[in-house]
Amino acid sequence: MPSADGQACALVPRAATVGRVWQETHDTWSLELEDTDAPQAQPGQFNMLYAFGVGEVPISFSGDLSDPTRPLHTIRAVGAVTRALCALTPGSSLGVRGPFGVGWPLDAARGGDVVVLAGGIGLAPLRPLLYAALASRGDFGRVVLLYGSRTPADLLYPAELDAWRAASELEVFVTVDAASPEWRGDVGVVTNLVAKAGLDPTRTTAFSCGPEIMMTFCARRLQTLGVPDTKVHVSLERNMKCALGWCGRCQLGSELVCRDGPVLPFAQAAPLMATREL
Amino acid sequence: MRTLEQELEQLPFTQGLRPEHRALIAGCAKNRAFREGSYVFRTGDPADTFYLLRTGRVALEVYGPTRGALTVQTLGPGDILGWSWLFEPYVTSFDARVVSDTRTVAFDGACLRRKAEEDHELGYQLMRGMAQVFTDRLEATRMQLLDVYGDHAQR
C-alpha cells in the first residue's frame, strides 16, 4: 500500500516530452514519449496524459513495455483532450501520471491458448499483451488474434498485422464491417471470427477490448463454445479522473474501474455492464 | 474420392442431419466450382440453387448507383450461400462475387423444397438449420448497424 505522500504524489503529473508522433489512421495517432522517471508498466495498464490547459485523459499503453522510459500511446482524436494530444509535435511537453490500474492476467493463460479479441482502437491496449505473449512464446499453445474494424482504412498497425501473419507465431484473423470490392479479406462482425478460428474451449483464455457491445457479443459467443466467463477478460472504460480510486467518478457498482480495473473477468464485469443505472 | 453424402457429413450445416436425410438431399446436389472474379449469382437472378461452401471465399455485394459495389459480408468454408430459393418469388437480392476460387455443394432449390414437403421431419430439420443461420446473420447485421466503432465516445 503506497503511503499517503506517495498517493498524493500520484496526483501530480510529471513532465514528459513527445519523442515521436505518427498518424495511424485518419483519426488516430501514436505518440512515443520520453518519460525518464516512469515506473515499469504492465500490459493493460494506463497512464493519465495531461494536455496542458486542456485536460487529462486515461490512455492505455500500446507499445513494447520493455523500456518504461519510452512509453507508446495510440490515441484516437474524438474530443478536446485527445485532439490536443494528437496535435502535439516532437519536443512538446505534456503531463503524465501512472501507470495505473490492473492489467491483463497473461499468466492465467500459461500452458494454454491465448485468444485476443480486439475491436477498433481496442487493439492498442492489447498490443503489449501480444508482445508479452510472443516474448515467452514457448509458454503458450496457440496465440490467436481476432480483430474487427469499421473499414480497411480504420485498421490499426496494418504492417504489423502482415508481419505477424508472415511470422506464423501468431494466428491473425481480421474482418471489417464494410468494404469496397478491392478488399480481399473478410467482411462481417468480429464475432464471426470466433467460429472461424477453430478454438479449443478447454485451452482458451480470452482477452477482449473494444466497444462494450462487441465485448459482450464476443464473450457470449465464446460461452456458446464452452469457454467459461471466468476465462474471458475484458477492459472497461469509464470516466476516470483521479485514477487512484478516490474520486469515485469511474465507480461501476462495487468496482472502481481505475483502481480495480480496467481489466476485469467477464464473469465479474457482465452484470455491471448490463445494469442500466450504472 | 468422397461421395456427396460424405461431403455433407463434413459440412456444419448438414452434419447434424440423420444419415437417411443426408442421403435424401444428396439426390438434389452436385459439386460446382467457381473461378475467382466470377459471380455465383447476380441481384435479380432466379434463386433456384442453395450452396454450401466447401472452400474459397464469396463476397455478398449490394450495388448503389452513386457508391458502386459495397461488400456487406464475406462467406467462407462451411457457410451457406443463398436462402431466396426458400421463399417466393425465388429471386436473389445480392450479388455473390467469388473472391477466391470456390468449391461448393449446390442443391437444386425446387428439389429440396419438394423433398421437405414430402418428409416434414426433413423439412423441420432444414428450417431449423436455416433459422440458426438467419439468427446469426441478423445478430451480425444488428452489430453492423450499431456501428460500434463509430465516434460515440467523446472526451
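The values are calculated or read from the model by the stated rules, or taken from the named source; none is laboratory data. Keep in mind it's a predicted model, so treat the numbers as computed, not measured. As a convention, Cβ positions derive from the backbone with ideal geometry for all residues, glycine included, and neighbour counts pool all protein chains shown.
Values computed for the structure shown
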quantity	calculated
Selected residue (only one of A:Ala16, A:Ala38 is in a loop (DSSP other than H, G, I, E, B) and touching a strand residue (DSSP E or B) at 6+ places or on another chain (Cβ under 8 Å))	A:Ala38
Criterion: loosely packed, with under 15 Cβ neighbours inside 10 Å, hydroxyl-bearing (Ser, Thr, Tyr) and touching a helix residue (DSSP H, G or I) at 6+ places or on another chain (Cβ under 7 Å) - qualifying residue of B:Ser38, B:Ser93	B:Ser93
Of the criteria (1) surrounded by 18 or more Cβ atoms within 10 Å (Cβ to Cβ); (2) within 25 Å of A:Gly188 (Cα to Cα), which one B:Thr43 fails	(1)
Residue within the stretch B:66-73 that is within 11 Å of the chain's Cα centre (by Cα) and closer than 25 Å to A:Arg150 by Cα present	no
Within the stretch A:208-228, considering residues that are outside any helix (DSSP H, G or I) and out of contact with any Gly (no Cβ under 8 Å at 6 or more places or on another chain), the one nearest to the other protein chains (Cβ to nearest Cβ)	A:Gly226
Qualifying residue in the stretch A:132-149 (condition: hydrophobic (A, V, I, L, M, F, W, C), within 14 Å of chain B (Cβ to nearest Cβ) and in a helix (DSSP H, G or I))	no
Only one of B:Thr141, B:Thr104 that is under 27 Å from A:Glu182 (Cβ atoms), at pLDDT 95 or above, surrounded by 14 or more Cβ atoms within 10 Å (Cβ to Cβ) and polar (S, T, N, Q)	B:Thr104
The stretch B:46-63, residues that are surrounded by fewer than 17 Cβ atoms within 10 Å (Cβ to Cβ) and within 11 Å of chain A (Cβ to nearest Cβ)	B:Val62, B:Tyr63
Residues that are of a type outside the set (D, E, K, R), crowded, with 17+ Cβ neighbours inside 10 Å and over 20 Å from A:Phe61 (Cα atoms), drawn from the stretch A:252-270	A:Leu252, A:Phe266, A:Gln268, A:Ala269, A:Ala270
A:Ser149 being under 28 Å from A:Thr191 (Cβ atoms), buried (at least 22 other Cβ atoms within 10 Å of the Cβ) and free of Cβ contacts under 8 Å to residues at least 40 places away in the same chain	yes
Evaluation of B:Leu112 against (1) more than 14 Å from chain A (Cβ to nearest Cβ); (2) closer than 21 Å to B:Thr3 by Cα; (3) free of Cβ contacts under 8 Å to residues at least 60 places away in the same chain (one fails), failing number	(3)
Count of the stretch A:41-73 residues which are under 15 Å from A:Arg14 (Cβ atoms) and assigned to a loop (DSSP other than H, G, I, E, B)	6
Residue among A:Gly101, A:Gly63, A:Gly91 that alone is away from every other protein chain (no Cβ under 13 Å), in contact with a helix residue (DSSP H, G or I) (Cβ under 9 Å, 6 or more places away or on another chain) and either on the phi > 0 side of the Ramachandran plot or free of Cβ contacts under 8 Å to residues at least 12 places away in the same chain (or both)	A:Gly101
Residues of the stretch A:89-116 that turn out to be buried (at least 20 other Cβ atoms within 10 Å of the Cβ) and not charged (D, E, K, R), as a count	13
